[in-house]
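K.L.:
Dropping the structure in here first, questions after.
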Amino acid sequence: MKSYERFDGVINRTQTESEPWWPTPPHPGEAAPNVVVILLDDTGFSHFGCYGSDLATPNIDRLAAAGLRYTNFHVTPLCSPTRASLLTGRNHHTVGMRSISNFDSGYPHMRGHITNHATTVAEVLRDEGYATFAAGKWHLCAMENASAAGPYDQWPCQRGFDRFYGFLEGETDQFHPELVYDNHAVEPPATPEEGYHLSEDLVDHAIGFIHDTKSVRPDRPFFTYLAFGATHAPHQAPAPYLEKYRGRFDDGWDAARDNWFARQIETGLLPPDTELAPRNPGVEPWDFLPENQKRLAARLQEAFAAFLEHTDAQIGRFVDSLDQLGELDNTLLILLSDNGASQEGGPFGVMHEMKYFNFLVEMPDEAVERIDDIGGPHSHANYPWGWAQAGNTPFKWYKQNTHEGGVHVPLIVHWPERIVDAGALRDQFHHVDDIAPTIYETLGIEAPATYRGLEQIPLSGVPLAYTFDAAQADAPTNKHVQYFEMMGHRGIYADGWKAVTRHQPGVPFEDDDWELYHLTEDRSECHNLAAEMPDKVAGLINLWWREAEEYGVLPLDDRTIELFFTRYRDHSPHPVDRHYSYFPPMSPLPAQVAPALGARGWDMVATIGRPEGAAGVLYASGTENSGLSLFVQDDRLVFDYNCFGDHHLVESEAAVPVGDSTVGVRFRRTGAGGEATLVIDGAPSGTVTVPFAMTIISSVGPSVAYDHGSPVSERYRGQFPFEGRLHRIDIDLLRGAGEADQAGADERAAMSRQ
């Protein structure tokens, strides 16, 4: 027969006349190190104790003391783009991740996933014989493909990881996460009341994956990508960590910035002539703030600090497990943040982060009424701008911006068998696309030119492994040019100089005001030299355009939240007719897979068979912090519209029939709010007015026939599964706020009941 696989033996008529042959599986060599990348989220340059703060990060500090701290390391200003660059060694636009993976703008630089023309580190190392594991946040898959319906081609296990445990979205509730195990959704193994927290769960699984492989194949090295949800909002931590920080930040952000900056100068993290950047616009002097604003801001910072310290404890547990296995010394461990501290808490901070995405300002006098909920399961908190800038000390601006506050982050490299000048600093300029080339160079691996028949994009990163050697501690950087772009904000670094502009949406790009800084002498961008050196600015702007052409940055696009909105097309989760039918049992849906019930009218019809007394949830979306739920309780149909803790609830006037029936709710927009009317077998049965209709309801999607995660309504506890038979749920979306395509919706609703 024709041979389709390589065979180097001899085949004759009988076995005694033949010679067997066994293929040799790939193996990187007996001395090949393990590789671990630990990624934190929204953690600023100064947040770790070893980078200047007085926050408790003893385990991270221990890694720094035994390894190297990089003082001039850069990333993109947002999570998905940094992750795409980190895992591929290419610039984020080039691989299709201009912004977060929730977006697909229709251009090659924003597809919501990493192009298959760019291998991930996991794909390359797995083919070299490594075991590959990922735990934590992914956010590199188009979110409308993140449900049980797939397609799965951009999930972690399809992009090079043998095992995965974590979440696919950009954030999740730390007490009630939306979890995926390999290729399927799972429920958390415990409840908050039983002591559950996601960070602990992630480390449990990361340790388990490594123990599995080392127990059976101790010869095989591993690559582990441990990407915490911390310290992205919601800032949530176990109660003992929250209690530890009570009162610790009552002196405010000005005092913290001054103290942290002084420590950075004293320990050599910054050049001695570095200045502390002035407060960002909107950050007021702490001493002038009203008392409630101070109370709220201090408590929000306490939650952040507790979240960070709890994460540090899990990192310590993970590192200790490597040490106990005898694997730590020969593990190249890289720890970094994906971008600077977040500005998404606004000027005051928020109890409910989704308010930021609904353009609602939560005033401190309102928020302090629930101040003791901050940091626990009953909040979705994020801190205010003042504390975010403190986390970015000594820089200005934040995550999303291309100034140093958005892109200058900590990087720690720990490798006892290779690094001899433990605790040393490295000041060479480098960028996140340099990490993958560093891993390849260290392992003696060449990134493939083709992979599974596809031509591969050349690496843009420059290895930084030369900095591991003590003799190269003060060597000039090998990274001479790096562009930055995020939602129209732009920057270009070239041999110690940086031109940067903070773009305002809607302003023509040619009208952007470019600033010029000599970072070699002005690390914190305090002295704008643009007016004095216009030719230098012009040259750097021209260089930016050349880099933009080469790396696929164009077209420039300053759209942000509007790209969240659903793109309707057939052969997708969102058909053109805007009609959805769900048939339980089914897995919970990610938010961007589900019908977009915000900012519009809609109809929901449940076809049920109900025994006498049967109760439970028919459809719930969101969490206890914001969401909506339709359920049966005490023989009545109930709808609860939970608008950031304000429950607008209606109970049906008529009883829900025993046996077969159709029940549901009609939601119609009225100004900024709406009206929800319960319907039983086609007849209205009660209405509630909703003063404000949320546009983005929650980052947590819906579940059918039970309430997944924390309960949306205070009227029930737990998942409250429906005790009868839910045959199907039909949802019809009207075509926009105030646009009543009622005839078509009523017709489809009637058909669904037949």
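The values are calculated or read from the model by the stated rules, or taken from the named source; none is laboratory data. Quantities reported herein were computed from a predicted structural model and do not represent experimental measurements. No Cβ is skipped: glycine too gets one built from the backbone with ideal geometry, and neighbour counts run over all protein chains shown.
K.L.:
Can you tell me which condition Gly150 does not meet? The list is (1) on the phi < 0 side of the Ramachandran plot; (2) surrounded by fewer than 15 Cβ atoms within 10 Å (Cβ to Cβ), and all the others hold.
P.N.:
Here Gly150 clears every test but (1).
K.L.:
Just to be sure, is Ser105 part of a loop (DSSP other than H, G, I, E, B), at pLDDT below 95 and of a type in the set (S, T, N, Q)? Give the derivation first.
P.N.:
On the way: part of a loop (DSSP other than H, G, I, E, B): yes; at pLDDT below 95: yes; of a type in the set (S, T, N, Q): yes.
Taking the combined requirement at face value, the residue satisfies it.
K.L.:
Additional query: Report whether or not Asp577 is over 29 Å from Leu179 (Cβ atoms), in contact (Cβ under 8 Å) with a residue 12 or more places away in the chain and in contact with a Pro (Cβ under 7 Å, 6 or more places away or on another chain).
P.N.:
So Asp577 fails the test.
K.L.:
Right, something else. Does Gln389 satisfy being in a loop (DSSP other than H, G, I, E, B) and in contact (Cβ under 8 Å) with a residue 24 or more places away in the chain? Even if it seems obvious, please write down each step before you answer.
P.N.:
Working: in a loop (DSSP other than H, G, I, E, B): no; in contact (Cβ under 8 Å) with a residue 24 or more places away in the chain: yes.
In short, no.
K.L.:
Find the residue count for the stretch 125-144, including only residues that are modelled with pLDDT of 95 or more and either farther than 29 Å from Val203 by Cβ or in contact with a strand residue (DSSP E or B) (Cβ under 8 Å, 6 or more places away or on another chain) (or both).
P.N.:
12
K.L.:
I've got another one for you. Tell me which residues, restricted to the stretch 380-401, are crowded, with 24+ Cβ neighbours inside 10 Å, within 20 Å of Glu171 (Cβ to Cβ) and in contact with a Gly (Cβ under 9 Å, 6 or more places away or on another chain).
P.N.:
The initial filter retains those residues of the stretch 380-401 that are crowded, with 24+ Cβ neighbours inside 10 Å, namely 380-395, 397-399, 401.
Restricting the remaining residues to those that are within 20 Å of Glu171 (Cβ to Cβ) gives 380-385, 387-388, 391-392, 398-399, 401.
Answer for the stretch 380-401, where residues must be crowded, with 24+ Cβ neighbours inside 10 Å, within 20 Å of Glu171 (Cβ to Cβ) and in contact with a Gly (Cβ under 9 Å, 6 or more places away or on another chain): Ala381, Asn382, Tyr383, Pro384, Trp385, Trp387, Ala388, Gly391, Asn392, Tyr398, Lys399, Asn401.
K.L.:
Next question, about the same structure. Which fully enclosed helices (runs of 4 or more DSSP H) of the stretch 171-277 have 2 or more residues being within 30 Å of Leu140 (Cα to Cα)? Steps first, answer last, please.
P.N.:
Working: elements: 198-216, 239-244, 252-266.
The helices (runs of 4 or more DSSP H) meeting that bar are 198-216.
K.L.:
Please verify whether Asp320 is under 26 Å from Ile265 (Cα atoms) and either touching a Cys at 6+ places or on another chain (Cβ under 9 Å) or surrounded by fewer than 23 Cβ atoms within 10 Å (Cβ to Cβ) (or both), treating the condition exactly as stated.
P.N.:
Numbers: under 26 Å from Ile265 (Cα atoms): no; either touching a Cys at 6+ places or on another chain (Cβ under 9 Å) or surrounded by fewer than 23 Cβ atoms within 10 Å (Cβ to Cβ) (or both): yes.
Spelling it out, it is not the case that Asp320 is under 26 Å from Ile265 (Cα atoms) and either touching a Cys at 6+ places or on another chain (Cβ under 9 Å) or surrounded by fewer than 23 Cβ atoms within 10 Å (Cβ to Cβ) (or both).
Listed here are the residues, each with its yes/no results for (1) assigned by TED's automatic domain parsing to the domain that holds His414; (2) in contact with a Leu (Cβ under 9 Å, 6 or more places away or on another chain); (3) under 29 Å from Ala424 (Cβ atoms); (4) basic (Lys, Arg).
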position: Ile445; (1), (2), (3), (4): yes, yes, yes, no
position: Ile457; (1), (2), (3), (4): yes, no, no, no
position: Pro508; (1), (2), (3), (4): no, no, no, no
position: Ala548; (1), (2), (3), (4): no, yes, no, no
position: Leu556; (1), (2), (3), (4): no, no, no, no
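K.L.:
Here's a follow-up. Do we find a residue being in contact with a Ser or Thr (Cβ under 7 Å, 6 or more places away or on another chain) and surrounded by 15 or more Cβ atoms within 10 Å (Cβ to Cβ) anywhere in the stretch 525-533?
P.N.:
Initially, the stretch 525-533 is screened for residues in contact with a Ser or Thr (Cβ under 7 Å, 6 or more places away or on another chain), giving none.
Checked against the condition, which is being in contact with a Ser or Thr (Cβ under 7 Å, 6 or more places away or on another chain) and surrounded by 15 or more Cβ atoms within 10 Å (Cβ to Cβ), the stretch 525-533 yields no hits at all.
K.L.:
Inside the stretch 358-386, can you point out the residues that are in contact with a helix residue (DSSP H, G or I) (Cβ under 7 Å, 6 or more places away or on another chain), outside any loop (DSSP other than H, G, I, E, B) and hydrophobic (A, V, I, L, M, F, W, C)?
P.N.:
Residues satisfying the conditions are Ala367, Val368, Ile371.
K.L.:
Residue check, His480 against (1) in contact with a strand residue (DSSP E or B) (Cβ under 8 Å, 6 or more places away or on another chain); (2) crowded, with 19+ Cβ neighbours inside 10 Å, all met but one. Which one?
P.N.:
(2)
K.L.:
For the structure I just gave you, tell me whether Ala277 is of a type in the set (A, V, I, L, M, F, W, C) and buried (at least 24 other Cβ atoms within 10 Å of the Cβ).
P.N.:
Details: of a type in the set (A, V, I, L, M, F, W, C): yes; buried (at least 24 other Cβ atoms within 10 Å of the Cβ): no.
The answer is no for Ala277.
K.L.:
Now a separate question. Of the residues that make up the stretch 496-504, is at least one more than 30 Å from the chain's Cα centre (by Cα) and either polar (S, T, N, Q) or closer than 30 Å to Leu540 by Cα (or both)? Quick ask: steps written out before the conclusion?
P.N.:
Of the residues in the stretch 496-504, the ones more than 30 Å from the chain's Cα centre (by Cα) are 496-497.
So of that shortlist, the ones also either polar (S, T, N, Q) or closer than 30 Å to Leu540 by Cα (or both) come out as 496-497.
Yes, because at least one residue in the stretch 496-504 is more than 30 Å from the chain's Cα centre (by Cα) and either polar (S, T, N, Q) or closer than 30 Å to Leu540 by Cα (or both).
K.L.:
Another question, then. Out of (1) in a loop (DSSP other than H, G, I, E, B); (2) modelled with pLDDT of 95 or more, the odd one out for Asp434 is which?
P.N.:
Going through (1) in a loop (DSSP other than H, G, I, E, B); (2) modelled with pLDDT of 95 or more one by one, Asp434 breaks only (1).
K.L.:
A further question follows. Yes or no: the stretch 89-110 includes at least one residue that is out of contact with any Lys or Arg (no Cβ under 7 Å at 6 or more places or on another chain), of a type outside the set (S, T, N, Q), closer than 22 Å to Arg163 by Cα and not assigned by TED's automatic domain parsing to the domain that holds Pro595.
P.N.:
Yes, the stretch 89-110 contains a residue that is out of contact with any Lys or Arg (no Cβ under 7 Å at 6 or more places or on another chain), of a type outside the set (S, T, N, Q), closer than 22 Å to Arg163 by Cα and not assigned by TED's automatic domain parsing to the domain that holds Pro595.
K.L.:
Further question on the same structure: Answer yes or no as to whether Pro25 is under 23 Å from Ala134 (Cα atoms), in a loop (DSSP other than H, G, I, E, B) and modelled with pLDDT under 95. I'd like the intermediate steps shown before the answer.
P.N.:
Working: under 23 Å from Ala134 (Cα atoms): yes; in a loop (DSSP other than H, G, I, E, B): yes; modelled with pLDDT under 95: yes.
So Pro25 fits the description; yes.
K.L.:
Can you find even one residue in the stretch 404-427 that is of a type outside the set (A, V, I, L, M) and in contact with a Pro (Cβ under 6 Å, 6 or more places away or on another chain)? Even if it seems obvious, please write down each step before you answer.
P.N.:
The initial filter retains those residues of the stretch 404-427 that are of a type outside the set (A, V, I, L, M), namely 404-406, 408, 410, 414-418, 421, 423, 426-427.
Next cut, in contact with a Pro (Cβ under 6 Å, 6 or more places away or on another chain) only: 406.
Yes, some residue in the stretch 404-427 is of a type outside the set (A, V, I, L, M) and in contact with a Pro (Cβ under 6 Å, 6 or more places away or on another chain).
K.L.:
Looking only at residues that are among the aliphatic types (A, V, I, L, M) and crowded, with 24+ Cβ neighbours inside 10 Å in the stretch 79-101, which one is farthest from Gly252 (Cα to Cα)?
P.N.:
That would be Val95.
K.L.:
Additional query: Contact list please: Cβ distance under 6 Å, first residue in the stretch 680-706 and within 27 Å of Arg725 (Cβ to Cβ), second residue surrounded by fewer than 24 Cβ atoms within 10 Å (Cβ to Cβ) and among the aromatic types (Phe, Trp, Tyr), pairs at least six apart or on different chains.
P.N.:
Once the first residue is within 27 Å of Arg725 (Cβ to Cβ) and sits in the stretch 680-706, its partners that are surrounded by fewer than 24 Cβ atoms within 10 Å (Cβ to Cβ) and among the aromatic types (Phe, Trp, Tyr) give Val704/Tyr582; Ala705/Phe722.
K.L.:
Hey, does the stretch 634-653 have a residue that's assigned to a strand (DSSP E or B), over 26 Å from Ser572 (Cα atoms), in contact (Cβ under 8 Å) with a residue 24 or more places away in the chain and of a type in the set (Ser, Thr, Tyr)?
P.N.:
yes
K.L.:
To continue, here is another question. Scan the stretch 493-511 residue by residue and report those that are under 18 Å from Gly405 (Cβ atoms) and assigned to a loop (DSSP other than H, G, I, E, B).
P.N.:
Hits for the stretch 493-511 are Arg502, His503, Gln504.
K.L.:
Any residue at all in the stretch 182-189 that is within 18 Å of the chain's Cα centre (by Cα) and surrounded by 22 or more Cβ atoms within 10 Å (Cβ to Cβ)?
P.N.:
no
K.L.:
Looking at (1) surrounded by fewer than 21 Cβ atoms within 10 Å (Cβ to Cβ); (2) touching a residue at least 60 places away in the same chain (Cβ under 8 Å); (3) not β-branched (Val, Ile, Thr), find the lone condition where Arg111 falls short.
P.N.:
(2)
K.L.:
Is there a residue in the stretch 462-475 that is part of a strand (DSSP E or B) and either touching a residue at least 60 places away in the same chain (Cβ under 8 Å) or touching a Phe, Trp or Tyr at 6+ places or on another chain (Cβ under 7 Å) (or both)? Show your work before the answer.
P.N.:
Residues of the stretch 462-475 part of a strand (DSSP E or B): none.
Checked the stretch 462-475: no residue is part of a strand (DSSP E or B) and either touching a residue at least 60 places away in the same chain (Cβ under 8 Å) or touching a Phe, Trp or Tyr at 6+ places or on another chain (Cβ under 7 Å) (or both).
K.L.:
Do we have any residue at all in the stretch 31-50 that's small (Gly, Ala, Ser), farther than 28 Å from Ala84 by Cα and surrounded by fewer than 14 Cβ atoms within 10 Å (Cβ to Cβ)? First the steps, then the outcome.
P.N.:
Pass one, the stretch 31-50, residues small (Gly, Ala, Ser): 31-32, 44, 46, 49.
Now drop any that are not farther than 28 Å from Ala84 by Cα, which leaves 31.
Narrowing the set further to residues that are surrounded by fewer than 14 Cβ atoms within 10 Å (Cβ to Cβ) leaves 31.
Yes; the residues of the stretch 31-50 include at least one that is small (Gly, Ala, Ser), farther than 28 Å from Ala84 by Cα and surrounded by fewer than 14 Cβ atoms within 10 Å (Cβ to Cβ).
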